[in-house]
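Enquirer: First, the structure itself, so that you have it in front of you.
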Amino acid sequence: MFSFKNFLKATLFLFSLLIIILLFGGISYFVIDKIQQKNNLMDIEEYSPISSLKVPANITKSAKFPFIDVHSHHWDMPVKDLSDLVKEMDSLNMVYMINLSGSGFATFSGNQSLMDLNLSKSIENVKQNYPKRFGVFVNLNFDKIDEDDFASSSVKILEKAVKQGAIGLKIYKNLGLNLKDSSTTRVKVDDIRLSPIWDACAKLNIPVLIHSGEPSPFFDPIDKYNERWLHARQKPNSFRPSSKYPTFDTVMNEQYNMFKNHPNTTFINAHMGWMANDLDKLGRHLDSLPNVYTEIGAVIGELGRQPRRARKFFIDYQDRVMFGKDTYKKSEFDVYFRVLESSDEYFDYYRKRHGLWKMYGLNLPDEVLKKLYYQNALKLFPSIDSKLFE
């Protein structure tokens, strides 16, 4: 029978039980912690050894030569006060930055009007304040790929964007991974329904920067053999299990076919095509595709762990690689400069989950650095004022 007295007893019992559970849990954690300390046990995320190796450290906060960042994202560019960003760019010796996300988050909403507004406001902000310091890419939404006017409307969007001042097209990684048409079939990177878009970019003389797939370990089993295991632990949604996604090779082969089938279109294969861990393969890729360039955004950690091989690659393909960073954060650029410019040994990347290894400087020749930093980009983007680099 319900009564306030019984209710009070039940509440006190539950409260006492909760106190006991919390007390027991606290004691358990305390005991476990003491056992771990006694036995020198710790989590891999905690382990951060300070190297006893005594070697030169040439850390620079500014690039040796002025550079163009061809891969950056600023989703708030329509309303952003660009003056502070320009000051940071000046301190880095970054003369020009390309914002790939010109159409903003609206790209993923399917609302073309919002995409158009975001793009026009981004370009307007640049033109009114720093027209010589920023470039803006347009984005397209492929959700309506089955509609009869998809190709023609996409081409019109491109033409309007270029007329406004957009200097390229950025394709996001959902193409080939989880983008599906109305029949719930995965849209392949080399889907023929997208061909009019690539052909239009050739006619408009704008490059297509495309991000396909993810690093290959993201498609592998998450076990003790996966060198990106820590990434899987911290960012599990980054990984692509075979039960839900195509294989790494499938996506890369589709991308290769798309590049091959549109030789008149200039493509920038983002993140070194996720082949920075296999530079021989990337070299063969570029050899067979004269219309393809690449950039180093988010893969400096891969390059820094193989200094001799990477240095040879940059020398051999010095006309095909550009500087890119991806996520903008001023404090992280010095690691890029150090890998590219110095001969330093055994230093850390700024994000442990990207690789539990040390890095080494490539000490690239000046003529290679200049091409990487700005000369190659100037070839692809004639609207950039070359006098800024004299």
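Enquirer: Of the residues that make up segment 158-173, is at least one under 18 Å from the mean Cα position of the chain (by Cα) and part of a loop (DSSP other than H, G, I, E, B)?
Expert: First, pick out the residues of segment 158-173 that are under 18 Å from the mean Cα position of the chain (by Cα): 168-173.
Next cut, part of a loop (DSSP other than H, G, I, E, B) only: 172-173.
Yes, segment 158-173 contains at least one residue that is under 18 Å from the mean Cα position of the chain (by Cα) and part of a loop (DSSP other than H, G, I, E, B).
Enquirer: Taking the residues in segment 165-177 that are touching a Lys or Arg at 6+ places or on another chain (Cβ under 9 Å) and not hydrophobic (A, V, I, L, M, F, W, C) as candidates, determine which candidate is surrounded by the fewest Cβ atoms within 10 Å (Cβ to Cβ).
Expert: Of everything passing the filter in segment 165-177, 165 is surrounded by the fewest Cβ atoms within 10 Å (Cβ to Cβ).
Here is a yes/no grid of residues against (1) in a loop (DSSP other than H, G, I, E, B); (2) surrounded by 21 or more Cβ atoms within 10 Å (Cβ to Cβ); (3) over 22 Å from the mean Cα position of the chain (by Cα); (4) among the aliphatic types (A, V, I, L, M):
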position	(1), (2), (3), (4)
337	no, yes, no, no
345	yes, no, yes, no
349	yes, no, no, no
362	yes, yes, no, yes
368	no, no, yes, yes
373	no, yes, no, no
377	no, yes, no, yes
382	yes, no, yes, no
387	no, no, yes, no
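Enquirer: For the structure I just gave you, tell me whether residue 159 is of a type in the set (D, E, K, R) and over 30 Å from residue 185 (Cα atoms).
Expert: Details: of a type in the set (D, E, K, R): yes; over 30 Å from residue 185 (Cα atoms): no.
No: the conditions fail for residue 159.
Enquirer: Just wondering, is there one or more residues in segment 252-265 that are in the same structural domain as residue 321 (by TED's automatic domain parsing), within 30 Å of residue 361 (Cβ to Cβ) and in contact with a Ser or Thr (Cβ under 8 Å, 6 or more places away or on another chain)? If you could, list the steps in order and put the result at the bottom.
Expert: Filtering segment 252-265 for residues in the same structural domain as residue 321 (by TED's automatic domain parsing) gives 252-265.
From what's left, within 30 Å of residue 361 (Cβ to Cβ): 252.
Filter once more, keeping what is in contact with a Ser or Thr (Cβ under 8 Å, 6 or more places away or on another chain): 252.
Yes, segment 252-265 has at least one match.
Enquirer: Within segment 287-301, is there a residue that is outside any loop (DSSP other than H, G, I, E, B), assigned by TED's automatic domain parsing to the domain that holds residue 170, hydrophobic (A, V, I, L, M, F, W, C) and in contact with a Ser or Thr (Cβ under 6 Å, 6 or more places away or on another chain)? If you could, list the steps in order and put the result at the bottom.
Expert: Initially, segment 287-301 is screened for residues outside any loop (DSSP other than H, G, I, E, B), giving 287-288, 292-295, 300-301.
Applying the additional criterion that residues be assigned by TED's automatic domain parsing to the domain that holds residue 170 yields 287-288, 292-295, 300-301.
Filter again for hydrophobic (A, V, I, L, M, F, W, C), leaving 292, 300.
If we keep only those that are in contact with a Ser or Thr (Cβ under 6 Å, 6 or more places away or on another chain) too, we end up with none.
Looking for residues that are outside any loop (DSSP other than H, G, I, E, B), assigned by TED's automatic domain parsing to the domain that holds residue 170, hydrophobic (A, V, I, L, M, F, W, C) and in contact with a Ser or Thr (Cβ under 6 Å, 6 or more places away or on another chain), one finds none in segment 287-301, hence no.
Enquirer: Hey, another quick one. Which of the following residues is closer than 30 Å to residue 347 by Cβ, outside any helix (DSSP H, G or I) and either modelled with pLDDT of 95 or more or assigned by TED's automatic domain parsing to the domain that holds residue 339 (or both): 61, 80?
Expert: Selected residue: 61, the only one of 61, 80 that is closer than 30 Å to residue 347 by Cβ, outside any helix (DSSP H, G or I) and either modelled with pLDDT of 95 or more or assigned by TED's automatic domain parsing to the domain that holds residue 339 (or both).
Enquirer: A further question on this structure: List the pairs whose first member sits in segment 263-283 and is in a strand (DSSP E or B), whose second member is modelled with pLDDT of 95 or more and of a type in the set (Phe, Trp, Tyr), and whose Cβ atoms are under 6 Å apart, counting only residues at least 6 apart or on separate chains?
Expert: That search, which allows pairs on different chains as well, returns 267/259; 268/293.
The values are calculated or read from the model by the stated rules, or taken from the named source; none is laboratory data. All of these numbers come straight from a predicted model, not from anything done at the bench. Cβ coordinates were reconstructed from backbone atoms using ideal geometry, including for glycine residues, and neighbour counts include every protein chain displayed.
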